[in-house]
Amino acid sequence: MPENPWKKLSASVPYENPWIRVEHHEVLNPAGNPGVYGLVKFKNHAIGIVPVDEKGYTWLVGQYRYALDTYEWEIPEGGCPVGTDTLDTAKRELKEETGLVAKEWIKLMDFHLSNSVTDEYGVAYLAKGLTQEAAEPEETEELTLRRIPLTEAIRMTMDGRIKDALSILALQRVALMMNSGGENRLGGE
């Protein structure tokens, strides 16, 4: 591994809440010149779930995203406190948002969502062997659920109807699995 060309001279925390910490760093850049770097440190990992039933359908969650001031369609997602089990969180989030409980879980991938200014780390799962129970959304969530063919959700990542990075990554990974002979693992179509 190459040595880090950035040198941190000092760091301060001008803002912090239960979800993020904003850090201001005085640095020497790779050319050796003084500069600043702003970082957002996340206190939760991003978790995404692609539930797929035996007929090849998946569920999307629609919700208003305050930061963007738009209504978005996404896979079921949530936050996993750093230091806790991502799979346990995925199971909880799937049940909370959709009411679905899965018998089989396959880890799709790990990823960094915006590594130039944040340390946000995420994990995506494929959930199969689904049974329906009652959803239990949090008080901050006003959700709409859509059950659609998995192939349609994948098309939505290609034509811009789904813009959420975590959803795009997870659904495209499932598409790759399907195209590389993994259809039997997914069920349906």
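The values are calculated or read from the model by the stated rules, or taken from the named source; none is laboratory data. Owing to the predicted nature of the structure, the values given are computational and were not obtained by experimental measurement. Don't worry about glycine lacking a Cβ; one is built from the backbone with ideal geometry, like all the others, and counts go over all protein chains shown.
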Exercise. Looking only at the stretch 62-83, which residues are in a strand (DSSP E or B), of a type outside the set (Asp, Glu) and closer than 21 Å to residue 159 by Cβ?
Worked result: 62, 63, 65, 70, 71, 73
Problem set entry | Search result, residues across the stretch 28-43 that are out of contact with any Ser or Thr (no Cβ under 9 Å at 6 or more places or on another chain) and either farther than 30 Å from residue 93 by Cα or part of a strand (DSSP E or B) (or both) | 28, 29, 30, 31, 32, 33, 34, 35, 36, 37, 38
Exercise. Does any residue in the stretch 156-178 that is closer than 16 Å to residue 52 by Cβ come within less than 6 Å, Cβ to Cβ, of a residue that is among the acidic types (Asp, Glu) six or more places away or on a different chain, and which pairs are these?
Worked result: 167/74
Exercise. Considering the stretch 84-107 alone, what residues qualify as being surrounded by 16 or more Cβ atoms within 10 Å (Cβ to Cβ), touching a Gly at 6+ places or on another chain (Cβ under 7 Å) and part of a strand (DSSP E or B)?
Worked result: 102
Exercise. Does the stretch 135-151 contain any residue that is more than 25 Å from residue 40 (Cβ to Cβ) and touching a Pro at 6+ places or on another chain (Cβ under 6 Å)?
Worked result: yes
For this session: Output the number of residues of the stretch 137-164 satisfying the condition of being part of a helix (DSSP H, G or I) and within 17 Å of the chain's Cα centre (by Cα).
Result: 4
Exercise. Would you call residue 70 of a type in the set (Ser, Thr, Tyr) and within 15 Å of the chain's Cα centre (by Cα)?
Worked result: no
Exercise. Which members of the stretch 87-110 meet the condition of being under 30 Å from residue 40 (Cα atoms) and touching a helix residue (DSSP H, G or I) at 6+ places or on another chain (Cβ under 6 Å)?
Worked result: 108, 109
For this session: Have a look at 102, 175, 127, 134 and point out the one that is of a type outside the set (Asp, Glu), in the same structural domain as residue 71 (by TED's automatic domain parsing) and under 15 Å from the mean Cα position of the chain (by Cα).
Result: 127
Exercise. What pairs come up if the first residue lies in the stretch 1-17 and is over 16 Å from residue 28 (Cβ atoms) and part of a strand (DSSP E or B), the second is among the acidic types (Asp, Glu) and modelled with pLDDT under 95, and their beta carbons are under 6 Å apart, counting only those six or more places apart or on different chains?
Worked result: none
Seminar exercise, completed: Of (1) without any contact (Cβ under 8 Å) to a residue 60 or more places away in the chain; (2) out of contact with any strand residue (DSSP E or B) (no Cβ under 6 Å at 6 or more places or on another chain), residue 151 fails just (1)
